[in-house]
1. Against the 2.2 N^0.38 Å scaling, with N counting residues, where does region 262-321 land? I'd like the Cα-based Rg ratio to two decimal places.
2. How large a share of the accessible area of region 498-564, in percent, is made up of carbon and sulfur atoms when the probe is 1.4 Å and the other protein chains stay in place?
3. Determine the relative contact order of region 103-255: mean sequence separation of Cα pairs under 8 Å and six or more apart, normalised by residue count, in whole percent.
4. Could you tell me what percent of the accessible area of region 443-482 is made up of carbon and sulfur, with a 1.4 Å probe and every protein chain present?
5. Calculate how large, on average over all directions, the projected area of the Cα convex hull of region 237-341 is; give the answer in nm² to one decimal.
6. Return the Cα extents of region 296-406 along principal axes one, two and three, sorted largest first, each rounded to a whole Å.
7. Roll a 1.4 Å probe over the protein heavy atoms and report the accessible area of ASP195 in Å², nearest 10.
8. Kindly provide the pair-distance distribution of region 362-442 built from C-alpha pairs, with 5 Å bins from 0 and whole-percent values in order of increasing distance.
Amino acid sequence: MLWWKQLECAQENAAMFEREEQRECTLTLPLPTRDPVLQDNLLIANLEQVKTLQASLFPICNKGTFISNFLQNNIKTNQLEVNTDARTFRTTAKLKDPRDLFALPKELDCPQQAARWPSECQVVEERIRHITWTSAAPEPYYVPTGKELRPQPVGEDAGTVIFQYYPMSAVNYFSRSTVGGSRMFLSACTSSGGDDELRFESRFESGNLAKAVRITSAYYELQLRTDLYTNRHMQWFYFRVTNTKKQMMYRFSIVNLSKAESLYNEGMRPLLYSTKDAQLHSIGWRRCGDNIAYYKNDTMCEEEEQFPSYTLTFNIEFPHTDDAVYIAHCYPYTYSDLQEYLSRLQAHPVKSTYSKLRLLCRTLAGNNVYYLTITAPQSPNEVEQKKKKAVIITARVHPGETPSSWMMKGFMDYLTGDTNQARELREKFIFKLVPMLNPDGVIVGNNRCSLTGKDLNRQYRTVIRETYPPVWHTKVMIRRLQEECGVAMYVDLHAHSRKHNVFIYGCESRRNSDRRLQEQVFPLMLHKNAADKFSFENCKFRIQRSKEGTGRVVVWMLGVSNSYTMEASFGGTELGSRMSTHFSVQDYESLGRTFCETLLDFYDEDPSKERLRSKIVTRLLKEGSNADEPTNIDLSDYSRCLLS
């Protein structure tokens, strides 16, 4: 039996073991405390429980003993078939057809459902929608003067709390979910308000604002909510402001951000969406803010010194009186947005013939994690002649990194398009796309974590399926594809809050000297195809110990040499003609298209292209390119190949 199939069987055993021992051993719940010392002690205790569980599941025994003992435990599963050879008294266990593992029954046609929230969350009833729009010219960065105001937080003692919302439950961990959240909807406005007072709201999908304090009629201090069931990760914000006044200068200070460095200090501006401008002029999200500063708050005690917070402050003018205006860290892309897109794709009479939507798994809250297969159908003869390799693309493991969803949309648009290149890619590869790995976090407005309170992109080495279902099932899918047809490339899409441009993190081929620097070829070609957005010099290929649990590193360890993380800046680019301008939604989407075009070039079997790729490696070696400082080289030959 293949080793990963043994693991699949063992996971079924683990699930049953955990159910039987639930009273004694609770492994699937996040740690119900914010005390870091107590968290460490509980974590050590849980790790000991995991070791005990693994020892019972994977005993040291002679070859063949494991499976026979495994079958004797009378495990019942709808994913396991048992065949007994009566002549030799040999029992063989095998998984059913992989299609049964990963596809919903055909008659269900991957039904979609309303977003499920933790039961303590309050949610406004209306569905928030925004139009798409692109500025006629790229929006420039803010140019700091060095004289920006830097007010220190004064808090509610010097003002009035006018909005306050933080989901509260009896326990500080996820316990249950419901469609639409809590049935008890209470007002989050704590003051009666006046005609000159702004009103705030964030209790909608992906929204994040915990508190608003009115210091004066024009100055408001804001606080963000931590990721649910944690006390950290304040960065993503998305909220609504009403009762606005035109031709009045307001100042907002978000006073509890958690990152020491930010692109707001290097010209990035927040985003504004005016409902009236969308209705009257078809104008969507655009950059806003002036007199922008990002800085560390003064500390008043040892605890604040140990866990410092930071302030983003800026001036803002609203375009209309009595408008509903949304303010966001980056262009929102919600779980409902994804479901609507996938519904349209599956309803398309042509695109649905070569794109199939399936359910990968369900999250802790019961939300669907989808995967999309895009490939040209093959006849039985073609299947026998040549197996297509798989290309795997995942996104939104970190819920606050919305640029990854817009890049994924660019991938899906291009791969399901009718261009000759898209058709050629479908003929050449099987694309497996997981557009949203962490829908629970996206729905509640988290920045980094799932409802376990953990970063899913550090859990790819997990053997606990029930705690991290999206990661576990994605890894099993990759293993299956690696066994059945091979994986040509894996890329996990992310966004970066401290660097400009788009760039890639790869994995250095140190174990195989014959493949040295091969992992740098594709990023270098991508740089040449998107020279005003993608920076090869920003790429890194060193594997850090802190990243060993990430998707990129674990998939590389499974044998996929071209395993990448692609990061797009929340801000914009410092390259070429686009220097010091913000990325738009269309810029992010274009990265998906450019990536696909480069992929086609990278795997072109034409002898001239093969010689060119060899030449690139030779040049990189000659110029001293390395994992930490890749060397950009001239590729005039590549440009000529593209034109030929």
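The values are calculated or read from the model by the stated rules, or taken from the named source; none is laboratory data. These figures come from a predicted structure and were not determined experimentally. Because the Cβ atoms are built from the backbone with ideal geometry, glycine has one as well, and the counts that use them run over all protein chains shown. The accessibility values were calculated without ligands, DNA or RNA, using every heavy atom of the protein model including side chains. Shrake-Rupley method; radii C 1.70, N 1.55, O 1.52, S 1.80 Å.
1. Here the answer is 1.56, to two decimals.
2. Roughly 39 percent of what the probe reaches on region 498-564 is carbon or sulfur.
3. 26 percent
4. So the carbon and sulfur contribution to the accessible surface is 45 percent.
5. In nm², the orientation-averaged hull projection of region 237-341 is 8.7.
6. 73, 43, 26
7. It works out to around 130 Å².
8. All Cα pairs considered, the percentages come to 3, 14, 21, 20, 16, 11, 9, 5, 2, 0.
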